[in-house]
Amino acid sequence: MPIPVFKIPIDLTKDTPSKVTPEELKKELNDIGLRCGETRVEKLEQYIRETLDQFPDGKVQGFGIYEYQPPAAEEFFEKGFTTKPISDFAVSIDDLHSNWKPDNAVPYMTKLAVIGVPEHFDCLKEKYTGFAGCKQSQTYNENDTTVNAVKSQFTRIATSISSTLIDELDKNQMEAVFSKIIAPVDPGSANYDSGLQNRNIYLVKGYTEHECEAIGIINVEYQLKIDDYKDKKTLHKSYHLDVTVRTSLYTDLNALYAEVEFIKSIFKNAMFFSRFNIPLNVDVKIYDTLPPACEDTFIHSLPLEQTQNDIISTMVVYAPDLENIGCIDNTGSDGQAQYSKTITSGFTFTAGQKISGGFKYGAGALFSKAEFNINFEISFTEQWNSSQSETVTFTVPKDSKAFLYQGYLRSAVLEFNTKTFQYSYKDQGRFLSNIIKTTPKPIDTKPAKLISEKVSQKMELMEELPLWETI
């Protein structure tokens with residue numbers, strides 16, 4: 001009895017993949033200042049035919065080609081997040097067609113676009129257990145004619161794409177990838193530098209009416225540099241080509257959904273901004289009380305390293321408060337007194353949970369305790385994976401009394417099961433901060449009251465974003 005093949009529901013319409021024509025290729029070469037015998041239409045027609053003959057003809061097809069356009073860095077520093085929908089980042093390239101096109105907005109396109117962001121993909125590759133995506137990077141340093149160097153993009157990228165797929169990409173879809181691929185530059189420049197370019201393809205395998213065997217994404221990044229690319233005195237020029245291809249194919253939608261959930265837990269309000277080499281303040285929310293075990297709580301909490309298959313965990317922090325750690329009574333004395341104490345900061349768990357590295361996560365809250373208002377701000381990094389100790393010293397004037405308090409947060413591990421898609425709390429403990437406060441009299445033992453969660457306004461806005469609604 002044959003093993004049943006599970007299908008993914010999807011509605012696509014047949015389309016005709018774009019072609020690389022000699023006339024269009026000639027125009028692209030002319031636009032960057034290349035006008036020579038090698039750019040004649042008949043020469044280019046022969047090259048296109050010879051190149052396409054090298055492409056294998058596979059079973060994986062495409063249903064869209066787009067370019068990833070990250071948001072402006074200024075938007076993050078102004079608001080701390082983006083208000084744009086994902087469609088503004090995954091921009092379809094005009095007049096480029098694939099084997100298929102979606103009848104309407106295919107629900108998986110948003111999720112696939114999240115996976116296709118290079119930093120998101122690389123994070124999954126490094127941190128997510130069971131991620132089956134494939135990445136290949138190649139660098140080429142060679143000497144050849146300028147036209148051949150430009151042409152080499154085609155074959156090198158095609159080779160990298162093929163190496164990341166078990167089943168080859170459809171030949172017609174592969175050709176469509178290379179339509180209009182030559183990046184324009186200022187024709188007056190002595191050297192050619194395409195800059196870092198990217199091209200992304202939504203993948204589909206085994207499509208029949210209303211369903212398919214698999215869906216996926218390919219992200220192609222490339223950059224071509226050619227020295228003195230228009231110099232006719234030297235036939236062969238030195239050129240440098242970088243090609244990176246990232247591919248992920250899914251036969252199980254649950255795997256795709258779980259990976260997107262992981263990305264959201266890691267990047268939070270910095271999703272899509274991550275390719276900038278700038279420090280990003282990624283927000284973690286401090287709750288007044290232990291919140292419900294749900295997706296909203298999960299994505300606003302502190303990500304932990306993955307230690308189990310099928311389980312993703314975050315650390316929920318809530319109920320900021322103070323506890324007494326010392327007192328010095330200097331009443332009746334005519335001289336000042338000094339008190340020193342070693343303070344230990346960190347999580348009190350014993351199960352070995354570790355904060356996921358790579359980002360600095362910020363949390364802040366203003367809370368009241370008795371008649372005092374306490375400003376609580378903390379930055380979480382992997383340094384908190386181990387307890388830290390420091391000695392604090394405070395001085396009490398003559399005939400006075402002082403009490404020393406340490407700020408802490410309650411904490412709980414929230415687990416997301418990627419098989420059952422259920423959220424549940426596991427361990428509970430505390431986070432002892434390095435925030436210290438002194439008071440002239442003891443503070444009552446009533447629980448502290450959260451006045452304001454400093455990023456709450458920002459978080460409310462985030463929850464309304466198309467990003468969180470449509471993923």
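Which lysines have a Cα lying under 20 Å from the Cα of Lys233, excluding residues fewer than 8 positions away in the same chain?
List returned: Lys225.
Multiply the residue separation of Asn104 and Gln388 by 0.36 nm, subtract the distance between their alpha-carbon atoms, and state the gained length in nm to one decimal. Numbers along the way, then the final one.
Working: separation 284, 0.36 × 284 = 102.24 nm, distance 5.41 nm.
Stretched out fully, the Asn104 to Gln388 stretch lengthens by 96.8 nm.
In a shell of Cβ-Cβ distance under 15 Å around Thr247, excluding Thr247 itself, what net charge do Lys and Arg (+1) and Asp and Glu (-1) give? Walk me through the numbers on the way to the answer.
Values: positive: Lys59, Lys125, Lys135, Arg199, Lys205, Arg246; negative: Asp122, Asp167, Glu168, Asp170, Glu221, Glu259.
Within the 15 Å Cβ shell, the charges total 0.
Roughly speaking, what is the stretch gain from Lys437 to Thr159, that is 0.36 nm per residue apart minus the C-alpha to C-alpha distance, in nm to one decimal?
Taking Lys437 through Thr159 to full extension adds about 93.9 nm, to one decimal.
What distance in nm separates the two pseudo spin-label positions at Glu377 and Ser137, each 7 Å out from Cα along the beta-carbon direction?
3.5 nm
With respect to the cross-link table entries Lys125/Lys354; Lys14/Lys268; Lys19/Lys264; Lys43/Lys171; Lys59/Lys180; Lys101/Lys171, which display a Cα-Cα separation exceeding 27 Å?
Table pairs above 27 Å Cα-Cα are Lys14/Lys268; Lys19/Lys264.
Among Gly130, Thr314, Ser189, which residue has its Cα furthest toward the positive end of the charge dipole of the chain, with +1 on Lys/Arg Cβ and -1 on Asp/Glu Cβ?
Farthest towards the positive pole: Thr314.
Classify the chain from the C-alpha gyration tensor, please: rounded if a/c falls under 1.5, else prolate or oblate depending on whether a/b exceeds b/c.
Verdict is prolate for the chain.
Write down the accessible area per residue of the chain in Å², having rolled a 1.4 Å probe over the full set of protein chains.
Accessible area per residue, the chain: 46 Å².
Please work out the Cα center distance from the range 107-182 to the range 208-234, rounded to the nearest Å.
6 Å
Taking all protein chains in place and a 1.4 Å probe, what share, in percent, of the accessible surface of the chain do carbon and sulfur account for?
47 percent
Just to check, using Stokes-Einstein with a Kirkwood Rh over alpha carbon pairs, what's the diffusion coefficient of the range 166-292 at 20 °C and 1.002 mPa s in µm²/s?
Once the numbers are plugged in, D ends up at 112 µm²/s.
Along the positive direction of the dipole of the chain (beta-carbon charges: Lys, Arg +1; Asp, Glu -1; about the Cα centre), which of Thr16, Ile343, Asn104 reaches farthest?
Result: Ile343, furthest along the dipole toward the positive end.
Restricting to DSSP H runs of at least four residues, report the calculated mean residue ellipticity at 222 nm for the chain, -39500 (n - 2.57) per run over all residues, nearest 500 deg cm²/dmol.
Value at 222 nm, helices only: -6500 deg cm²/dmol.
Charges at C-beta only: +1 for Lys and Arg, -1 for Asp and Glu. How large is the resulting dipole of the chain about its Cα centre, in Debye rounded to 20?
The calculated dipole for the chain is roughly 860 debye.
If you count only protein heavy atoms and use a 1.4 Å probe, how large is the accessible surface of Leu12, to the nearest 10 Å²?
10 Å²
The values are calculated or read from the model by the stated rules, or taken from the named source; none is laboratory data. Just so we're clear, the structure is a prediction, and the values are computed from it rather than from any experiment. Cβ sites come from the backbone with ideal geometry, for glycine too, and all protein chains shown count toward neighbours. Calculation scope for accessible area: heavy atoms of the full protein, side chains included, ligands and nucleic acids excluded. Shrake-Rupley method; radii C 1.70, N 1.55, O 1.52, S 1.80 Å.
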